[in-house]
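The structure under discussion appears below in the form of C-alpha cells.
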Amino acid sequence: MIDVVIPTRHLDRAQAAVDSVSDFAASVTLSMRPEWGFTKQAQAWRGGDQPFVLFLNDDCHVTENAVKELLFPMADQTVGIVGPTLRCGDFQSNPFAAEVPLDAKGNLPYYIEVRHLIGACLLVRRSLLQRIGGWDTQFVLHCSDLDLCIRSWEAGYKVVWAVRTEVKHDAHMTLNEMAEDERKRILDADHW
C-alpha cells in the first residue's frame, strides 16, 4: 500500500529508518546523493507504484501502528498529505504549544487540517504527487515541505496533522553536518 523513500547521505544512519519500515512497506528506496539536496533525492518516489508514498528522513523512526494512523485520514480522497507529531523540538512536536484546540473532554484531537507540515515524515498520496509534479527541486533543504503543502492546497487537497501519532526525529542532524557558511548560503537561497 505504501512505498517509502528515505533520502540520505549516510547508509549507516539510514539503517534504523529502513529497519523501522521494512516489515510493512511495499518498497523501501534509499536515495543516496553525496551533495546536499533533499528534493532531488525525494524524486525517487517516481520509481514506485503504490497509492501512497512515505517520505522519511534518515534520522526518523516510525512504527507500523504510526503508519496505520497516518493512513487513516487518507480514506478521505480530498486528503493529500498527512504528517505525525514529531518528537524533535520543532513547532510540530508540541500540540499544546501549537495551540491545537482540545475536544469537549479536554483531549487532543486525532487529526486536524493545517496549512503545512514538517517534511521529516510525510505520507503523501501518489496521485497528488503526479498531479503537482512532486517536490520542487529548486529547493535544496528548507521550505520544500511548505511549498509541497501549499501546492497541495492549491490542487484541492487537504493537509492533515495526525496530532496523536508520534514519530521520533533527531532534528537538524543534516543541518548540523554542514559548514556554517554553506548552511547559510543554502538556507538563504531556499528562503528566497
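For a label point 7 Å from the Cα of Asp49 along Cα→C-beta, name the residues of the stretch 97-136 whose backbone N is under 19 Å from it.
125-131
Whose amide H sits under 5 Å from the amide H of Val114, counting only residues 5 or more places off or on another chain, with H placed in the peptide plane?
Long-range HN contacts for Val114: Val159, Val160, Trp161.
With only alpha-carbon atoms counted, please give the Rg and Dmax of the stretch 1-77, in Å.
Cα only, the stretch 1-77: 12.3, 38 Å (Rg, Dmax).
Taking all protein chains together and a probe of 1.4 Å, list Arg151, Arg115, Arg131 from the most accessible to the least accessible.
Solvent-accessible surface, decreasing: Arg115, Arg131, Arg151.
For Ala98 and Ala75 in the same chain, what is the full-extension length gain: residue separation times 0.36 nm, less their Cα-Cα distance, in nm?
So the extension gain works out to 5.7 nm.
Full-extension gain between Ala26 and Arg164, please, as 0.36 nm times their residue separation minus the C-alpha to C-alpha distance.
47.2 nm
The values are calculated or read from the model by the stated rules, or taken from the named source; none is laboratory data. Everything numeric here is computed off the predicted structure, so don't read it as measured data. Cβ sites come from the backbone with ideal geometry, for glycine too, and all protein chains shown count toward neighbours. For accessibility, only protein heavy atoms count, side chains too; no ligands or nucleic acids. Shrake-Rupley method; radii C 1.70, N 1.55, O 1.52, S 1.80 Å.
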